[in-house]
Structure formats: C-alpha cells, structure tokens
1. Please report the spacing between the Cα centers of the stretch 74-150 and the stretch 51-69 in Å, no decimals.
2. Return the inverse of the average 1/r over all pairs of distinct C-alpha atoms in the stretch 64-121, which is the Kirkwood hydrodynamic radius, in Å to one decimal.
3. Ranking request for peptides 119-127, 32-40: highest mean number of other beta-carbon atoms within 10 Å first, then the rest in descending order.
4. What is the spin-label model distance, in nm, from residue 153 to residue 35 if the labels are put 7 Å beyond Cα along the C-beta direction?
5. Which residue fluctuates the most in the chain, going by a Gaussian network model with Cα springs under 10 Å, if the choices are 86, 25, 75?
6. Can you figure out the FRET efficiency of residue 144 with residue 117, using R₀ = 30 Å and their beta-carbon distance, to the nearest 0.05?
7. I need the calculated FRET efficiency for the pair residue 109 and residue 24, taking r as the beta carbon distance and R₀ as 25 Å, to the nearest 0.05.
8. With each label point set 7 Å from Cα along the Cα-Cβ vector, what nm distance links residue 100 and residue 42?
C-alpha cells in the first residue's frame, strides 16, 4: 500500500507572515554562519574559538553585523543612485566598497570587544585576511542555500 504525500499534509496551510519569514531567514543565516565558523575553527589554524556556545554567540553577532553592513551599503548606494552623472556612479561604487571593506574592521573590533581572546583571527594584518575569508565563505554559503531553496518550488 502506497501513501500519497497529500495524505500527510494538513487540510489547510497558512502562509507564513512577514515576521515568520524574517525569523526563518535570520535563523537559517545564523545556523549557516555557525557551521562556517566551526569548520574554520576545526580546519584552520587562523581561526580559534573556545567553545561551541561561544561560536553560537559569535554567529549571532556576525549575522547581525553582516545584515547591518548590507543595509548601510544599500542606503549609501541608493543615495548616489538618485543623483546623475559619472562622478555619482564612481562615488556609488567607491563608497559601497568602502562600507563593505571597512565593515570588516568593525566586525573584527566588535568580536574582540565582545569575546576577547575566546574568538581569535590570527595571521597577517591581525587576522584580517582570515576574517575576510570567513565572511566571504558565510555569504557564499548563505547564497548557495538560498538558491537551493528556490529550486524547490
């Protein structure tokens, strides 16, 4: 006897609210960041995290700071996009780069202030290349999961 998938689904399905979608988005982002942080901790000598609970808190802080950075970058881009001219196009890209690059210093300092020696990025330039690699990996992993999710329509 084979059962159809429809028999296991509820009779009515409520669509998620905006707040529920946002929760799932951030929750998934935090879990992805947690996995990335712990993989770097395990397989790289440039990232050191004292414990799983510290890495969980660090993942929450990373998610918050990364989303804040992206929001600031979008607002700066929107400001320059509203103005015309070649100079404004240049300034839009320059300030977007400046915000995205400069935010890594803010993130590194925030991690240092909150966690001290319990979360460390080491190597050249006080661990900045390791941090940038971790952040880029987090963003790529989040985008890969989002694209995979969109395939299941």
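1. 14
2. 12.6
3. Packing order, densest peptide first, comes out as 32-40, 119-127.
4. 2.3
5. 86
6. 0.40
7. The computed FRET efficiency comes out at 0.25.
8. 3.0
Values in this text are rule-based calculations from the coordinates and carry no lab data. The structure presented is a predicted model; accordingly, all values stated were derived computationally and were not measured. Quick reminder, even Gly has a Cβ in these numbers, built from the backbone with ideal geometry, and neighbours come from all protein chains shown.
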